[in-house]
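Written below as structure tokens is the structure these notes are about.
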Amino acid sequence: MICLGIEGTAHSIGVGLVRDIKKSCQVLSNCIKTYQPEHGGIHPREAANHHAAYIADLIETSVKKANMDFAAIDLIAFSQGPGLGPCLRTAATAARALALSLDKPLIGVNHCVAHLEIGRGTVRGCTDPVLLYVSGANTQVIAFAEGKYRVFGETLDVGIGNCLDKFGRGVGLDFPCGPKIEELAKKGTCYLPLPYSIKGMDIAFSGLLTAAENILQRGEKLEDVCYSLQETTFAMLTEVTERAMAHTEKKEVLLGGGVASNKRLREMVQMMARDRGAAFFVPSKDLCVDNGAMIAWLGFLMYDSGLRMSIDESIINQRFRTDMVEVTWRG
Ligand code: AMP
Ligand code: MG
């Protein structure tokens, strides 16, 4: 089957085409356009306007890049949630229009589950991982247990990416700030203690963010604060991931989301995996960030397992929880 997927939960609009080859995923094309706010954070309506302006071109380009024509597409998938309402509605409307005009089936998928499934589908050896999903708005530790993807731990306030972006914005860095903070952190030499806030299996970043801003105002070096911010937040993420692995007795860890590009985070999670005798996986960068190919792949898995969705059922859900999805495609 060939499936076209449309991603539009937040700042990015993406269209990807995938094909299944013996239950593994071949990405045929994966095109993304990202909305850059002129200042401040993402304004949902402006992001949606951006997506509406680019979606038709992205669909055309993605089909062309895959060397396909529209008649070859068997299924249309889209990100049904969680995410920003106006963005989700824009992507869903495009998906419905395309499915109706091509007379092809439509499937709405959970964005967080798609981050996990694209790892299983494209990374050799990755079959049953604990996913550390670290993006702008989302931060969750997810693993399969008893028919569902369960959230073993998550942020109680902002996502790790938002935490880094907010800190970066405060010191005048451009969005996205994560990569710039990573560069500054490399030059840090002194670890400055910050609140290490884990509550049960959940984590909180906002107090830590305020503390980081405060020590900077006190006159500490920006490089040292960036270094300390990364060390503390990434250690919290690694600890919760490790505990989820111990609890579920899983032997694989997978990274996903934009923050998975960070080399220091990779290093820390990889070290933890090695100490546990577990395997460590990261999908290629274009499949870690929000993208249409991962949506297409999960759409395929759901459709292939017998799921069908009417247009009426394709309504978006801003608060679509990872554990609301019945996983019909795994034993
Ligand atoms: P996503 O929401 O998954 O598309 O990821 C976007 C987030 O990833 C933004 O908050 C970025 O600041 C963050 N990000 C991207 N690259 C890096 C990096 N190298 N280190 C830390 N954060 C990053
Ligand atoms: Mg994401």
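When you take every Cα atom in segment 63-121, what is the radius of gyration, and what is Dmax, the widest Cα pair distance, in Å?
12.7, 33
Tell me what the chain gives for mean residue ellipticity at 222 nm when only DSSP H runs of n ≥ 4 count, each as -39,500 (n - 2.57), the sum divided by the residue total, rounded to 500 deg cm²/dmol.
Computed ellipticity for the chain at 222 nm equals -14000 deg cm²/dmol.
Once the dipole of segment 1-122 is set up with Lys and Arg at +1 and Asp and Glu at -1 on Cβ about the Cα centre, which of GLY41, THR61, LEU17 lies farthest towards its positive end?
LEU17
May I ask you to work out the translational diffusion coefficient for the chain at 20 °C, viscosity 1.002 mPa s, via Stokes-Einstein with Rh from the Kirkwood sum over Cα pairs, reported in whole µm²/s?
107
Could you work out how far apart the two model spin labels at GLU38 and ASP74 are, taking each label as a point 7 Å from the Cα in the direction of the beta carbon, and quote it in nm?
Output for this residue pair reads 4.7 nm.
Excluding PHE300 itself, what net charge comes from residues whose Cβ is under 11 Å from its Cβ, given Lys and Arg +1 and Asp and Glu -1?
It works out to a net charge of -2.
Quick one: Cα convex hull volume of segment 128-282, Å³ per residue?
Taking only Cα atoms, segment 128-282 has a hull volume of 98 Å³ per residue.
Could you list the trypsin sites (Lys or Arg not before Pro) in segment 201-256 that lie in coil according to DSSP, counting only those with at most 16 other Cβ atoms within 10 Å of their Cβ?
Hits after loop and neighbour filter: ARG218, LYS221, LYS251.
Set Lys and Arg Cβ to +1 and Asp and Glu Cβ to -1, take the dipole of the chain about its Cα centre, and tell me which of LEU209, ALA137, ALA71 lies farthest positive.
ALA71
For segment 29-84, what is the charge dipole size about the Cα centre, in debye to the nearest 20, if Lys and Arg each add +1 at the Cβ and Asp and Glu each add -1 at the Cβ?
Charge dipole, segment 29-84, about its Cα centre: 80 debye, nearest 20.
May I ask you to order 19-29, 227-237 by the average number of other C-beta atoms within 10 Å around their residues, highest value first?
Final packing ranking: 227-237, 19-29.
Name the lysines eligible as straight-distance cross-link partners of LYS250: C-alpha to C-alpha under 28 Å, and not fewer than 8 places from it in the same chain.
LYS22, LYS23, LYS148, LYS199, LYS263, LYS285
Just want the answer: with Cβ charges of +1 for Lys and Arg and -1 for Asp and Glu, which residue in GLY331, LEU184, MET309 is farthest toward the dipole's positive end in the chain?
About the Cα centre, the residue reaching furthest to the positive side is GLY331.
What's the FRET efficiency of THR61 with ASP20 using the Cβ-Cβ distance as r and R₀ = 25 Å, to the nearest 0.05?
That gives a FRET efficiency of 0.65.
Using a 1.4 angstrom probe on heavy atoms only, work out the carbon and sulfur share of the accessible area of the chain in %.
50
Can you flag which of LYS166/LYS186; LYS186/LYS251; LYS64/LYS104 are past 21 Å Cα-Cα?
LYS186/LYS251
Starting with the highest mean, order 161-167, 80-86 by the number of other Cβ atoms within 10 Å, averaged over the residues of each peptide.
The peptides rank, most packed first, as 161-167, 80-86.
Is there a quick way to get the dipole size of segment 128-282? I mean about its Cα centre, with the Cβ of Lys and Arg at +1 and of Asp and Glu at -1; what is the value in debye to the nearest 20?
140
Against the longest alpha carbon principal axis of the chain, how many degrees, from 0 to 90 and to the nearest 10, is the axis of helix 85-102 turned?
Around 20 degrees separate the two axes.
Dipole magnitude of the chain about its Cα centre, charges +1 at Lys/Arg Cβ and -1 at Asp/Glu Cβ only, in debye to the nearest 20?
Computed charge dipole of the chain: roughly 400 debye.
Hey, how many Å between the Cα centroid of segment 45-120 and the Cα centroid of segment 187-237?
What the calculation gives is 37 Å, centre to centre.
Over the chain, give the accessible area per residue in Å² for a 1.4 Å probe, as an integer.
Computed with neighbouring chains in place, this is 42 Å² per residue.
Listed highest first by mean packing, meaning other Cβ atoms within 10 Å per residue, what order do 200-210, 3-13, 107-117 come in?
Order by mean packing, descending: 3-13, 107-117, 200-210.
The values are calculated or read from the model by the stated rules, or taken from the named source; none is laboratory data. Note that this is a predicted model, so its numbers are computed, not measured. Glycine also receives a Cβ, built like all others from the backbone with ideal geometry; neighbour counts cover every protein chain displayed. Accessible surface areas use protein heavy atoms only, side chains included; no ligands, DNA or RNA. Shrake-Rupley method; radii C 1.70, N 1.55, O 1.52, S 1.80 Å.
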